[in-house]
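Notes for the one structure printed next.
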Amino acid sequence: MKTMKAQQHLVALSLILFMAVTMFLGWWTPLESMTYDMWFRIRGSQVPSNDIVIIGIDDESLAKIGRWPWNRTVHAKLLDALSEARAVGFDFTLPASSDPTEDNSFAEAISTHGKVVLAANYTFEKEGNDTFQVLRFPASPLLKAAKGLGFVNFPTESDNIVRRVLPATYERERPFPSFSLAVGMTAQGIPMQQLKISNGHIQAGTMDIPWVNQRSPLINFWGPAETIPTYPYYKVINGIIPKDTFKDKIVFVGPTSPLLSDKFQTPFTRSNMVLQSSHPSSGVELHATALECYLSGRYYAQAPLWLNLLAVILVGTTTYIISINQKRWTGLLSLSGVTLLWIFLTGLLHVHAHLWINLVTPLATGFLTYLAASVFNFITEELERKKVQHLFGRYVSPTVVDQLLSRPEMVHLGGQRVDTTILFSDIRGFTSYSEGRTPEEVVGRLNEYFSRMTQVIFKHGGTLDKFMGDGIMAVFGAPIADPDHALHALEAAKEMCSTLEEMNQGWRERGEPLFNLGVGLNSGPVLAGNIGSEERMEYTVIGEDVNLSSRLESLNKQYKSRIILSERTLQYLTESATRTGQLPVRVDKGDMINVQQTSTQQELLQYFQLEEMGEVSVRGMVQPVKIYTLPAYNDN
């Protein structure tokens, strides 16, 4: 058993180690990313600040103004409507126009406004067998007039979902801001030269952006598409939306129409119209969302590797410890409890602490360790079941075996002192019967007798300890405790006598010799347990009360009786009958029940149909023992 326990612990440890390694290798990243997105959808939308708005190039604006790209004088007109905005960022590329007057008109409007940020973008170009990353700038007149410039590229993850932003990078060995950061710097009047990238941080004025191990920060998504206030482009330039709407606002201008293919998947994305209509967000809204994070400092942090490893070990070990040696449903409830607790904890950390800690990997580890514990528990239970069946299948009734299997804690195989009643019985005249008969005939008669007597013992909850030649030893009150062991033993002794009469009647009709028997009953504390050698062990009881019972059985021959019981058994009989209300109880002045005061001696003997036979000296006993018999069952 110790070896099996060691193997069980080793398997659980191996599973935890396996999960830790696979997590380190990134096998669980897709599922963890899905749960990260799930927490956003569970949290729901939040109200962003009122400082940032979007002017969207939507389907209505395309229908009203015309096909994209528009004449750049349209954008110049827009800047007139946004003259009181803190900053304006155009989230689309503006290469050199075929008509220089367009660029000049727009450049003049940009210069007049004084707080306009334009977009640059990185592209990959091939030259021969080599691939180069190239930064594409706006048209020269526009670039010269602009207050700021930032790249618009977004890093997407393996599942094509945007969860992070790249606040800045290096271009020609100088810090170069993203489009959203450039707009924020322009709104705060921070020169581009003050952008600093240091170990762990990107700083621009009051904006301090985490940059741990040069990893992009996780941005806080306020909600699905169009959570940030968005106004149609054509309504702004036509004056439908008042000019003061944009006073002191940070304005992002960019495509929101699906026709312009500037859409990105986010944690809030849902394309199933039946379940939920939450479509991809536009690139311009992602820039606005990123700037909301920069200004508010509300980012999400991904838990470091050591913390996620600790979570795997903690959940796996906890689930294993509370599942081991548990019944199947108890272990499942324990697993459910750990699962719910970990889900609650990770959700709490996500919503309130903005910490992304792994959910799936620890829970999967917990499930695997629970599975390992359950498999070993099942194997252990089966081994214990077979052990109990092997030990007690021959000694007790199937009903008692089922009780022992359902409640194995009732069995104390290592030895335990318990109160029992021991029954010894012996066939009278068996030696003379067996003389002159074939072994087959003797064994057949003996097996018939033992089978019926065993049924009687089992019927009254007794344990068949052993057969001794033509004798039987039975125990009442072990291995399952029975407060009425004396009463059940007496009933069994009486039925054994009645059963023998039935058997004698059958043998008499067949003209065969009859049997007689003697039964001895004694009660008291004995040592019960699995006793023997390493090669062979059996469940039995030992003690002086066992020896006394055997001595009483042998006295039946002397007193020509069938059942003899000791005063110790009478004491247990009295306690049992008093407890069950079968005897009248006298109460002393202190209202305390005293078994000795329940009835007179004569009343007790009459109730149990007993007759006192006096005191006898028994070999091995210092004091004489008072004994009783049941005259109604004695042989005539």
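When you go through Tyr294, Tyr233, Tyr299 one by one, which is the residue that is modelled with pLDDT of 95 or more and among the aromatic types (Phe, Trp, Tyr)?
Answer to the check: Tyr233.
Can you name the condition, by its number, that Gly520 falls short on among (1) open to solvent by 10 Å² or more (accessible area, probe 1.4 Å); (2) in contact (Cβ under 8 Å) with a residue 60 or more places away in the chain; (3) within 16 Å of Asp426 (Cβ to Cβ)?
(1)
Can you run down the residue pairs with Cβ atoms below 7 Å, 6 or more apart or on separate chains, where the first is in the range 220-245 and open to solvent by 60 Å² or more (accessible area, probe 1.4 Å) and the partner is of a type in the set (S, T, N, Q) and outside any loop (DSSP other than H, G, I, E, B)?
none
Given (1) farther than 25 Å from Ile427 by Cα; (2) surrounded by fewer than 20 Cβ atoms within 10 Å (Cβ to Cβ), where does Tyr572 come up short, assuming only one miss?
(2)
State which residue pairs qualify: first residue in contact (Cβ under 8 Å) with a residue 12 or more places away in the chain and farther than 14 Å from Glu285 by Cα and inside the range 51-71, second residue among the hydroxyl-bearing types (Ser, Thr, Tyr) and open to solvent by 70 Å² or more (accessible area, probe 1.4 Å) in any location, beta carbons under 8 Å apart, and separation of 6 or more residues or different chains.
Here the result reads none, with nothing in the range 51-71 linked to a residue that is among the hydroxyl-bearing types (Ser, Thr, Tyr) and open to solvent by 70 Å² or more (accessible area, probe 1.4 Å).
Tell me which of these Asn213 doesn't satisfy, since it passes every other one: (1) farther than 27 Å from Ala146 by Cα; (2) free of Cβ contacts under 8 Å to residues at least 24 places away in the same chain; (3) in contact with a strand residue (DSSP E or B) (Cβ under 6 Å, 6 or more places away or on another chain).
(3)
Only residues that are open to solvent by 10 Å² or more (accessible area, probe 1.4 Å) and either in contact with a Pro (Cβ under 6 Å, 6 or more places away or on another chain) or assigned to a helix (DSSP H, G or I) (or both): list them for the range 108-129, please.
Listed by number, the residues that qualify are Glu108, Ala109, Ser111, Thr112, His113.
Just the residues that are aromatic (Phe, Trp, Tyr), assigned to a helix (DSSP H, G or I) and modelled with pLDDT of 90 or more, please, taken from the range 329-368.
Passing the criteria: Trp342, Phe344, Phe367.
So, of the residues in the range 525-562 that are open to solvent by 60 Å² or more (accessible area, probe 1.4 Å), at negative phi and charged (D, E, K, R), which turns out to be modelled with the lowest pLDDT?
Glu534
Have a look at Val625, Val616, Val585 and point out the one that is of a type in the set (A, V, I, L, M, F, W, C) and modelled with pLDDT under 75.
Val585
Kindly indicate the residue of the range 277-323 that is under 13 Å from Arg164 (Cα atoms) and either assigned to a strand (DSSP E or B) or among the β-branched types (Val, Ile, Thr) (or both) and also farthest from the chain's Cα centre (by Cα) among those meeting that condition.
Across the range 277-323, the extreme among qualifying residues is Thr289.
Give me the pairs: first residue in the range 463-474 and closer than 16 Å to Asn516 by Cα, second residue of a type in the set (Gly, Ala, Ser) and surrounded by fewer than 20 Cβ atoms within 10 Å (Cβ to Cβ), beta-carbon distance under 9 Å, and six or more apart or on different chains, which are they?
Cβ pairs passing all conditions: Asp470/Ser434; Gly471/Ser550.
The values are calculated or read from the model by the stated rules, or taken from the named source; none is laboratory data. Here the structure is a predicted model, which means the values were calculated and not measured. Note: ideal-geometry Cβ built from the backbone for every residue, glycine included; neighbour counts use all protein chains shown. Please note that ligands, DNA and RNA were not included when accessible areas were found on the heavy atoms of the full protein model with its side chains. Shrake-Rupley method; radii C 1.70, N 1.55, O 1.52, S 1.80 Å.
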